[in-house]
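The values are calculated or read from the model by the stated rules, or taken from the named source; none is laboratory data. Quantities reported herein were computed from a predicted structural model and do not represent experimental measurements. Cβ atoms come from the backbone with ideal geometry, glycine included; neighbour counts cover every protein chain shown.
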Amino acid sequence: MSEATTSLIEETKQSKDLYSYQKGAISKIFKCFEEAPDDYHLLYQLPTGGGKTVIFSEIVRQYLKHHNKRVLVLTHRIELCKQTSKMLTEFDVVNKVIDSKAKLDDQNEYSCFVAMVETLNNRLNDEKFDMTDIGLVIIDEAHYNSFTKLFKFFEKSFILGVTATPLSSNMNLPMKDNYNELIVGESIGSLIENEFLAKPEFYSYNVGLTSLEIGANGDYTVKSSEDLYTNNDMLSKLIKAYEERSKGKKTLIFNNGINTSIFVYEAFKAAGYPIAHLDNTCTKKERNFILQWFKKTPNAILTSVSILTTGFDEPTVDTVILNRATKSLTLYYQMIGRGSRILPAKSNFSIIDLGNNFHRFGPWGADLDWQKIFTSPNYYLDKILDDEEIESNFRYEMPDDLRKDFAKSEEVYFDIKQCYLDSIKKGESSKVVLERSIAQHATICIENSEDVFDAYALAKLLGEDIDYRIGRYTKCICRSTHNFVDWLREDYRKKLRFYLRDNFDLRFEEIHGYPPED
């Protein structure tokens, strides 16, 4: 190791503003500077909230101190551009932001530049930006492929990409094709354990997603998502989930589509909750006003589209609601990361999933093998379950408030699929599956009733469970036309009521050991 590298590492160790894991990352990166060729492409991974901007700002400061070359930092959004420039300034790095309005007459006076990728691309093609002596290029949110178009301009520069998820946004352009090496930073689990990030509490609500369509970008289309998430059932499920898990807490809701977010806003507003809507059509003044309101209001709800997945930092968020499904691991981690900031009075935060994302990707903070994902992204992607597989493994969980009405029943779940398999083995008709399901539903109603009218009332509360069981049954028998399913649901409810009418007295005495009162 050279004397210069040793000096840089020692300086990093002495820094008072960095955590130990951040100092360790900087040491590894500087070691790579020393040993790799000038045109080396290095990728560094660190979870959202781990301080990537702090790390590369310190790297810029030290690099400029020890090298007679300039630095360029690239971002993909104007908010990140401004935040990065501000952080660099805090590290005593004088920098110039290259935006669409910037004049470049004084560019020779600066050794560090911050630019958006599209703006810089235009300036480079117009030959208005001097590329001389750019020794280090740092790319924030490097998983976005928009940056690769600029690589041809930096054939003699050391490129450092930073990201929370080293998985390309375009599966046809894997990151391993653009970066020589990945350095994996501190894990989410370690950051939580050492109290750098808040601990998540995860609540997943099963949602039928088979109506969703996949677009050209590999994710669910906005149109099909809005058709699902703007219907009354999904809006009711969202409000119910909020009331069960986040009522009175500062809540951030992510949606796939502006119309969905507006519907969410109207539904919560009608229910009397303090809520605001934000999307990319809002003016800068409107955006600032809404974000200030959200910051200052303890029980505020903010519903948005993807505008707040990056470049937004509000540590007081208590709950993140994923009111959408996504096929993007990066987006999944970005959305949840908005609630992971820790505060003296905040050590936990809640995640409410209404898109089966937990089943698709696993828990946020799972011990993912980022090196494997980097080198073999398709290996990882091929293991992700599709929606049909996910839904085939659903188990209906009775909501807590409804479970109280059935408190006298030790078990309320009925496994339709297992009952179907058992009946097939015995050579029975598949119809016995629904008959046994009806009998079990009747039993839990009778267990928690004093008379048949109580039982009727409880049976009416089982609609969601009945629909779930019918859905499982129709998949078992491979018959699921819309009319047939609707008929089965109605027929099931009718037969459950008849069963209670005809068997209540006998079953009540069998269950309780005494006859019902007249």
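Quick look at the values:
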quantity: Residue list for the stretch 195-247, filter: under 19 Å from ASP387 (Cβ atoms) and among the charged types (D, E, K, R); calculated: GLU213, ASP219, LYS223, GLU226, ASP227, ASP233, LYS237
quantity: All strands (runs of 3 or more DSSP E) inside the stretch 226-321 with 1 or more residues being among the hydroxyl-bearing types (Ser, Thr, Tyr); calculated: 251-254, 301-304
quantity: Matching residues, the stretch 402-445, being within 19 Å of LEU500 (Cα to Cα), among the polar types (S, T, N, Q) and either outside any helix (DSSP H, G or I) or touching a residue at least 60 places away in the same chain (Cβ under 8 Å) (or both); calculated: SER409, THR443
quantity: Residue that is nearest to LYS408 (Cα to Cα) [pool: residues in the stretch 454-507 that are small (Gly, Ala, Ser) and assigned to a helix (DSSP H, G or I)]; calculated: ALA455
quantity: Meets criteria (without any contact (Cβ under 8 Å) to a residue 60 or more places away in the chain, assigned by TED's automatic domain parsing to the domain that holds LEU74 and either assigned to a helix (DSSP H, G or I) or of a type in the set (A, V, I, L, M, F, W, C) (or both)) for LEU124; calculated: yes
quantity: Options VAL94, VAL71: the member that is of a type in the set (Val, Ile, Thr) and loosely packed, with under 15 Cβ neighbours inside 10 Å; calculated: VAL94
quantity: Residue list for the stretch 367-401, restricted to those being assigned to a helix (DSSP H, G or I), under 23 Å from the mean Cα position of the chain (by Cα), charged (D, E, K, R) and exposed (fewer than 14 other Cβ atoms within 10 Å of the Cβ); calculated: LYS372, ASP382, GLU388, GLU389
quantity: Any hit, the stretch 46-57, residues being assigned to a helix (DSSP H, G or I), at pLDDT 90 or above, in contact with a Phe, Trp or Tyr (Cβ under 7 Å, 6 or more places away or on another chain) and not aliphatic (A, V, I, L, M); calculated: yes
quantity: Residue check for LYS65: over 20 Å from ASP92 (Cβ atoms), part of a helix (DSSP H, G or I), assigned by TED's automatic domain parsing to the domain that holds MET87 and modelled with pLDDT of 90 or more; calculated: no
quantity: Segments classed as strands (runs of 3 or more DSSP E), wholly inside the stretch 134-214, with at least 2 members that are touching a strand residue (DSSP E or B) at 6+ places or on another chain (Cβ under 7 Å) and crowded, with 20+ Cβ neighbours inside 10 Å; calculated: 134-140, 158-163
quantity: Test for LEU458: is it closer than 26 Å to LEU506 by Cβ, surrounded by 17 or more Cβ atoms within 10 Å (Cβ to Cβ), touching an Asp or Glu at 6+ places or on another chain (Cβ under 7 Å) and among the aliphatic types (A, V, I, L, M); calculated: yes
quantity: Sole exception among (1) within 21 Å of PRO399 (Cα to Cα); (2) touching a residue at least 60 places away in the same chain (Cβ under 8 Å) for LYS475, by number; calculated: (1)
